[in-house]
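Computed from the coordinates by the stated procedures, all read-outs in this text should not be read as laboratory data. Keep in mind that this is a model prediction, so the values were computed, not measured. Neighbour counts run over all protein chains shown; Cβ positions are idealised from the backbone, glycine included.
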Amino acid sequence: MLNVQTSEIENRAVKLGTTDGTKVHAKDVNVYYGDKRALFDVTVNIPDRSVTAFIGPSGCGKSTFLRCINRMNDTIPICRVTGKITIDNEDIYDPSLDVVQLRARVGMVFQKPNPFPKSIYENVAYGPRIHGLAGTKAELDHIVQTSLEKAALWKEVKDRLNDPGTGLSGGQQQRLCIARAVAVGPEVILMDEPCSALDPIATAKVEELIDELKQNFCIIIVTHSMQQAARVSQRTAFFHLGILVEEGATNDIFTNPTDKRTQDYITGRFG
Ligand SMILES: Nc1ncnc2c1ncn2[C@@H]1O[C@H](COP(=O)(O)OP(=O)(O)O)[C@@H](O)[C@H]1O
Ligand SMILES: [Mg+2]
């Protein structure tokens, strides 16, 4: 009896990651593109089960930092990353770490919806299939359905799963991309300006979805819209010229920033 309880507690501790609720921890992260330095000693703790927004003027390094968190910068030959990033205290730049596994744990949604030129079903089934997550067709069907449900898209597509994903509206395509990310069971979801190609109604739907998803995932969203950051995030980090100037509770950042640069940005003086 005691053993069962102990292992339950251990499992729970593992699930919770670190004891202070931090999911992603970055320490002194620097990024260089060739000789050009794009990020300067970025240090931040990003909590689990909440939405963190990265804001700041264009070119300040938001996407660059986001791409550090699933090692997407590895795919840019001139790009070099130094410093440390951990997820649940595990160093994601450890040479023994499997990057394919990492990218399943840390999903990504891009600015422009980019469904594969395949059916709605196949867009979602692809990841689980290559990661061997389903033993049978019924299991795969179940993953596809629950992922589409989690992405608030199931009701709209359940009768046309074999239609091409690219035939959906922009907003539906973006939710399909979110379903595709969710299907492999990620812990962290990175979103790089996920609504910038969407109309206001589709944007509202995706924002509502982000609000739902935060119950189960650590979500990090880059947005050029301060209104969006204020609507969807619990914490906000302000970047300027490659420096993480200030990070804190979203409400504090927008109503009571401590740094002049943050103040100037949120009052529209630049950016
Ligand atoms: N692939 C790349 N090669 C060279 N420089 C890049 C590349 N990606 C981004 N940069 C540079 O890094 C800086 C930060 O860019 P980025 O992270 O895209 O900013 P943001 O997402 O905040 O607009 C910019 O000066 C940009 O020109
Ligand atoms: Mg960007």
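Residue-wise HN-Hα couplings along region 52-61, as the Karplus relation 6.51 cos²θ - 1.76 cosθ + 1.60 with θ = phi - 60° gives them from phi, are 10, 9, 9, 10, x, x, 3, x, 7, x Hz; Gly and Pro carry x.
Can you figure out the FRET efficiency of residue 136 with residue 97, using R₀ = 22 Å and their beta-carbon distance, to the nearest 0.05?
According to the calculation, E is roughly 0.15.
Restricting region 170-271 to trypsin sites (Lys or Arg not before Pro) that sit in a DSSP loop and have at most 13 other Cβ atoms within 10 Å of their own Cβ leaves 269. Amide H contacts of residue 38: 31, 32, 33, each under 5 Å away and 5 or more positions distant or on a separate chain (H built 1.01 Å from N in the peptide plane; Pro and chain starts excluded). Taking a ≥ b ≥ c as the square roots of the eigenvalues of the Cα gyration tensor of region 17-175, is the shape rounded (a/c under 1.5), prolate (a/b larger than b/c) or oblate? Prolate, since a/c reaches 1.5 and a/b exceeds b/c. The stretch between residue 80 and residue 126, if pulled fully straight at 0.36 nm per residue, gains 13.5 nm over its current Cα-Cα span. Rounded, prolate or oblate: which one fits region 191-245, using the alpha carbon gyration tensor with axes a ≥ b ≥ c (rounded when a/c is under 1.5, else prolate when a/b beats b/c, else oblate)? It comes out oblate by the Cα gyration axes. Remark: region 265-270, residue by residue, has Karplus-estimated 3J(HN,Hα) of 5, 6, 8, x, 6, 8 Hz, where x stands for each Gly or Pro and the curve is 6.51 cos²θ - 1.76 cosθ + 1.60 at θ = phi - 60°.
Once a ≥ b ≥ c are taken as the square roots of the eigenvalues of the Cα gyration tensor of region 91-199, is the result rounded (a/c under 1.5), prolate (a/b larger than b/c) or oblate (a/b not larger than b/c)? Oblate. Spin-label model, residue 234 to residue 19: label points 7 Å out along the Cα-to-beta-carbon direction sit 2.0 nm apart. The HN-Hα couplings worked out from phi for region 88-105 by the Karplus form 6.51 cos²θ - 1.76 cosθ + 1.60 (θ = phi - 60°) are 6, 6, 9, 5, 7, 9, 4, x, 7, 6, 7, 5, 5, 4, 4, 6, 6, 6 Hz, whole numbers, x standing for Gly and Pro. Here's the list of lysines a cross-link from residue 155 could span, going by alpha-carbon distance under 16 Å and ignoring same-chain residues fewer than 8 apart: 205. What are the lysines whose alpha-carbon lies under 16 Å from the alpha-carbon of residue 84, with same-chain residues fewer than 8 places away excluded? Within the straight-line limit of under 16 Å, residue 84 reaches these lysines: 23, 27. Structure note, pairs 36/112; 36/62; 214/260: Cα-Cα distances above 24 angstrom occur for 36/112; 214/260.
Take the Cα of residue 43, step 7 Å toward its Cβ, do the same at residue 162, and the gap between the two points is 5.8 nm. Taking amide hydrogens as placed 1.01 Å from N in the peptide plane, the amide H of residue 119 sits under 5 Å from those of 165, each at least 5 positions away in sequence or on another chain. When the helices of the chain are scored as -39500 (n - 2.57) per DSSP H run of n ≥ 4 and the total is divided over every residue, the value at 222 nm lands at -11000 deg cm²/dmol.
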